[in-house]
Every structure is written in C-alpha cells, then in structure tokens.
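Visitor: This is the structure I want to talk about, given as structure tokens.
The values are calculated or read from the model by the stated rules, or taken from the named source; none is laboratory data. Computed from a predicted model, the values in this text were never measured in an experiment. Neighbour counts run over all protein chains shown; Cβ positions are idealised from the backbone, glycine included. Protein only, heavy atoms only, side chains kept; ligands, DNA and RNA dropped before computing areas. Shrake-Rupley method; radii C 1.70, N 1.55, O 1.52, S 1.80 Å.
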Amino acid sequence: MPYTDPIHETHVSEPGLLVVDVAAADDATALAFQQLLADRWATATAEQTTRDAGQPGVRLRCYLDLRQQLTAAAVAMEPTRARP
C-alpha cells in the first residue's frame, strides 16, 4: 500500500485522539470532509491532498482531538432531537 504512512505514538497517546486517513475522488471532496470534522472538533488539518502514482483519487490525513469542547457554532448546527 503506497499510502501507509506510520502513525506516530503522540497522535494516539491518549483516549480521544484520532488519526483520520481520507480517500476521495477529488481535492474538493476530501477538503470539504476535513472541514466538516474541523467544524465540530479540534482538528489539525492538512493544507493539501496527495496523489499516489497509479492509484485513483486523492488522499489526506488529519488529526482530531475529541476531548475538546464543541464550539458554539458546532452546537448550533447540531440537529434538535425530539424529547420524550
């Protein structure tokens, strides 16, 4: 597998830390997905996608911290749930 970059221990050293590898048809799709993650959680984003020779689409890797509080904007975007 050409895109098997090693995951460094610091990126997953505690519960709530994630490494997310994204494969998409194009740059716009991959970066839009990354933005959806960044809108909700603390995210170290990739500036650009990469292409692997001979492989379809593009890839990117970003790092999330689920331990961070939701931003006010993310809370406002949460769907309302019917209360029993």
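Visitor: Among the residues of the stretch 6-32, write down those that are touching a Leu at 6+ places or on another chain (Cβ under 9 Å) and among the hydrophobic types (A, V, I, L, M, F, W, C).
Guide: Listed by number, the residues that qualify are VAL12, LEU17, LEU18, VAL19, VAL20, VAL22, ALA23, ALA24, ALA30, LEU31.
Visitor: Given (1) open to solvent by 80 Å² or more (accessible area, probe 1.4 Å); (2) modelled with pLDDT of 80 or more, identify the lone condition not met by TRP41.
Guide: Evaluating TRP41 over (1) open to solvent by 80 Å² or more (accessible area, probe 1.4 Å); (2) modelled with pLDDT of 80 or more leaves (1) as the failure.
Results for (1) more than 17 Å from ARG59 (Cβ to Cβ); (2) touching a Pro at 6+ places or on another chain (Cβ under 9 Å); (3) assigned to a helix (DSSP H, G or I); (4) in contact (Cβ under 8 Å) with a residue 12 or more places away in the chain, shown as yes or no for each residue.
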| residue | (1), (2), (3), (4) |
| --- | --- |
| GLU14 | yes, no, no, yes |
| LEU18 | no, no, no, yes |
| VAL22 | no, no, no, yes |
| LEU37 | no, no, yes, yes |
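Visitor: If THR10 meets every condition in (1) of a type in the set (Ser, Thr, Tyr); (2) modelled with pLDDT under 95; (3) surrounded by 14 or more Cβ atoms within 10 Å (Cβ to Cβ); (4) in a helix (DSSP H, G or I) apart from one, which number is that one?
Guide: It fails just one condition, (3).
Visitor: Still on this structure, I have one more. Could you list all residues from the stretch 71-84 that are in a loop (DSSP other than H, G, I, E, B) and either modelled with pLDDT of 90 or more or open to solvent by less than 60 Å² (accessible area, probe 1.4 Å) (or both)?
Guide: GLU78
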